[in-house]
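Down below is the structure, laid out as structure tokens.
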Amino acid sequence: MTSYDPERLVWSGPRIAPLFDPGRSLGDILFELLDRNPDRVLQIDGDTDRRITRGELKLRAIRIAQHLSEVNDIVTIAALNSGSLASLVVALQFLAVPYNAVFPNFTHGEMVGIMAQTQSRVIFCDAWNYAAVRNAAREAVRGEFKIFLVDGEVDGVATVDELLVETGTEQDFSPKIVADTSKAIYSIFCSSGTTGPPKGICLSHANKTSSFLPAPYNNPTVLAMGSIHWLSTAYMLDLVMFYGGTVVTTKQPFTEDLFFDLVERYRIDLLNGPPIQAYAITHHPRVKQVDLSNVKLWSIGGYNVSDAIRDSVDAILPNGKSYTIYASTESGLIAADMAKRKRGAIGTLFPNVQVRIVDDDGQFLPVGQPGELWIKRYVAFPGYLNNDQATHEVQDDEGWFRSGDVGYFDGEGYLFLVDRKSEIFKYVTQVSPTELEDIIAELDGVAEVCVVGIPTLDQSAELPTAVVVRREGSALQGEEVVNFVEGRVMDHKRLRGGVFFVESLPKTSKGSLKRKEVRRLIMEKVNAEV
């Protein structure tokens, strides 16, 4: 449960020692853990039914590490979740080489933006996106680089299979020693960013090791749908490697039928996903015919998961329950209601998490008063890649991270989220309004534009919606704007909320857009039409 210090105005989760010494590297810990129950299946490729045991994965990771022993810079991974991906990730952890997991479907501009920051000399992708990744690397990376294919083949291009060739010295291998695990980076995830290209969110070995706590898992079978650029997918891989169990992976995009097939075929115990997927699953006609009796826990991650979605999920689980998780890449797991649900609340704080509620003047607030959540973890995140300014803007010298989310605690220590200071909103995954505004502004007929997220009727997601001021004399139509954006962005960033034309946009005295006011005005229009 969450405790409250009324003098310091700080809420704290329980203080619990991590399962592993944060001073040890991930590679060092995994090298030991994978020897436990080496014949137990760790990974099943749901597309092929190919199975890999803990012992096999360790051997494969050792061989990859030995073939990549000269690599010491950031490695880029732009591949789907195929059978060899987990072995590659563990190999890089053995080498203490950081990896940057990027969305395999990134647009050219997005791929160039993050590669320009990481300057990866070694890149892993799949055959289907090889040309796109190669072209982005040619534009972004200074100097030579080498690409390996994780899945599929392209004439003349190396594959990960070449790194799995027996070396004859596997028994002599040991993981690289990491001197300072709080500073040594193990992975770099991409933010959505409000301006410019995505920022690289650096996470240290100590960030990860300190997050593993005693948990009620008994060798579960978990489902990982999505690539490892999603922290939730990476977490499912970590869960079975560090706690035991089996992860079922797939390269295929989410569909309700695929979900039902995998859950039923492999008797999945633990599930996670965004609210929009939960809504789609619970409202699909097939849900009544699928056997979900083995599902024990279903975590739903998102900014504010509606009670209606929670009720729908609980109704289809005869032997399980749902729970909400509030987390961020920078701060990790923050709050959940796994123990006891309170309607409307996110839950109580995770162990070793502290939170302050802060107003716009920097004053700490007491129980019941909403303000921005400042979060402090056992180990602070090291910062954004090559961007000290952005790091200092969100995290102070004491390790308090400014979340950009607005909420409050009630008298029982339950956290309620009520607003978001950040401009970013979510449709499946994060959407940056500024990115879409920059694209729309290229149209000749656009004088001004503001992009906002409009909630779906079930509150499961926010639809990207453009609010446009036409140039004088322009006859620009909404369909033109929608089509222009669709050809430039990933699927989740399309203007599903449509386009609204207005005479002017509300602004502050300094000329900044009043996004909340724009959103309120559009919501009034939407509600009037319903």
(request) Would you check which residues across the stretch 504-526 are at pLDDT 80 or above, over 29 Å from the mean Cα position of the chain (by Cα), closer than 24 Å to Asp405 by Cβ and assigned to a loop (DSSP other than H, G, I, E, B) and list them? (result) Pro506
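Please verify whether the stretch 516-526 includes one or more residues that are in contact with a Ser or Thr (Cβ under 9 Å, 6 or more places away or on another chain), free of Cβ contacts under 8 Å to residues at least 24 places away in the same chain and not acidic (Asp, Glu).
no
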(request) Within the stretch 305-346, work out how many residues are polar (S, T, N, Q) and more than 19 Å from the chain's Cα centre (by Cα). (result) 4
(request) Tally the residues that are touching a helix residue (DSSP H, G or I) at 6+ places or on another chain (Cβ under 8 Å) and of a type in the set (Phe, Trp, Tyr), restricting the search to the stretch 380-411. (result) 3
(request) Kindly indicate whether any position in the stretch 375-384 is of a type outside the set (S, T, N, Q), closer than 16 Å to Tyr408 by Cβ and at pLDDT 95 or above. (result) yes
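If the requirement is being under 29 Å from Glu398 (Cβ atoms) and among the acidic types (Asp, Glu), which of these qualifies: Asp311, Asp337, Asp291, Asp307?
Exactly one of Asp311, Asp337, Asp291, Asp307 is under 29 Å from Glu398 (Cβ atoms) and among the acidic types (Asp, Glu), namely Asp337.
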(request) Give the residues of the stretch 331-376 that are of a type in the set (D, E, K, R) and assigned to a loop (DSSP other than H, G, I, E, B), sorted by residue number. (result) Asp337, Lys340, Arg341, Lys342, Arg343, Asp359, Asp360, Asp361
(request) Give the residue, chosen from Glu139, Glu153, that is touching a strand residue (DSSP E or B) at 6+ places or on another chain (Cβ under 7 Å) and under 22 Å from Thr76 (Cα atoms). (result) Glu153
(message) Pairs please, first residue from the stretch 361-383 and more than 30 Å from Ala184 (Cα to Cα), second anywhere and part of a strand (DSSP E or B) and modelled with pLDDT under 95, Cβ atoms under 6 Å, 6+ apart in sequence or on different chains.
(response) Leu365/Gly371; Pro370/Val406; Pro370/Val418
(request) Counting only residues that are of a type in the set (Phe, Trp, Tyr), surrounded by fewer than 21 Cβ atoms within 10 Å (Cβ to Cβ) and touching a residue at least 12 places away in the same chain (Cβ under 8 Å), give me the helices (runs of 4 or more DSSP H) lying completely in the stretch 169-267 with at least 1 of them. (result) 231-243, 256-265
(request) Would you confirm whether any residue within the stretch 1-13 is of a type in the set (Phe, Trp, Tyr) and closer than 19 Å to His205 by Cβ? (result) no
(request) Go over the candidates Ser312, Ser299, Ser322, Ser293 one by one and state the one that is part of a loop (DSSP other than H, G, I, E, B) and among the hydroxyl-bearing types (Ser, Thr, Tyr). (result) Ser293
(request) Mind listing whichever residues of the stretch 67-83 are more than 20 Å from Phe189 (Cβ to Cβ) and either of a type in the set (Val, Ile, Thr) or out of contact with any Asp or Glu (no Cβ under 7 Å at 6 or more places or on another chain) (or both)? (result) His67, Leu68, Ser69, Glu70, Asn72
(message) Give all pairs with beta carbons closer than 6 Å in which a residue from the stretch 63-81 that is over 21 Å from Thr107 (Cβ atoms) and in contact (Cβ under 8 Å) with a residue 40 or more places away in the chain meets a residue that is among the hydroxyl-bearing types (Ser, Thr, Tyr) and part of a strand (DSSP E or B); count only pairs at least 6 apart in sequence or on separate chains.
(response) Val75/Tyr99
(request) Determine which member of the set Ile325, Ile281 is of a type in the set (A, V, I, L, M), within 17 Å of Thr429 (Cβ to Cβ) and touching a residue at least 24 places away in the same chain (Cβ under 8 Å). (result) Ile325
(request) Considering each of Glu153, Glu144, Glu162 in turn, give the residue that is in contact with a Phe, Trp or Tyr (Cβ under 8 Å, 6 or more places away or on another chain), in the same structural domain as Ile201 (by TED's automatic domain parsing) and acidic (Asp, Glu). (result) Glu162
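A quick yes/no check of all residues on (1) surrounded by 22 or more Cβ atoms within 10 Å (Cβ to Cβ); (2) modelled with pLDDT under 90; (3) over 14 Å from Val10 (Cβ atoms):
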| position | (1), (2), (3) |
| --- | --- |
| Lys342 | no, no, yes |
| Ile346 | yes, no, yes |
| Leu349 | yes, no, no |
| Leu365 | no, no, no |
| Gly368 | no, no, yes |
| Ala390 | no, no, yes |
| Asp410 | no, no, yes |
(message) If I ask for residues that are more than 25 Å from Arg494 (Cα to Cα), hydrophobic (A, V, I, L, M, F, W, C) and buried (at least 24 other Cβ atoms within 10 Å of the Cβ), which ones from the stretch 107-124 would you list?
(response) Ile123, Phe124
(request) Of the conditions (1) crowded, with 22+ Cβ neighbours inside 10 Å; (2) farther than 22 Å from Gly301 by Cα; (3) within 24 Å of the chain's Cα centre (by Cα); (4) of a type outside the set (Lys, Arg), Phe425 clears all except one; give me its number. (result) (2)
(request) Could you check the stretch 427-497 for strands (runs of 3 or more DSSP E) lying wholly inside it with 2 or more residues that are touching a strand residue (DSSP E or B) at 6+ places or on another chain (Cβ under 9 Å) and free of Cβ contacts under 8 Å to residues at least 40 places away in the same chain? (result) 446-455, 462-470
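The values are calculated or read from the model by the stated rules, or taken from the named source; none is laboratory data. Bear in mind that the values here come from a model prediction, so they are computed numbers and not experimental data. All Cβ positions, glycine included, derive from the backbone under ideal geometry; neighbour counts span all protein chains shown.
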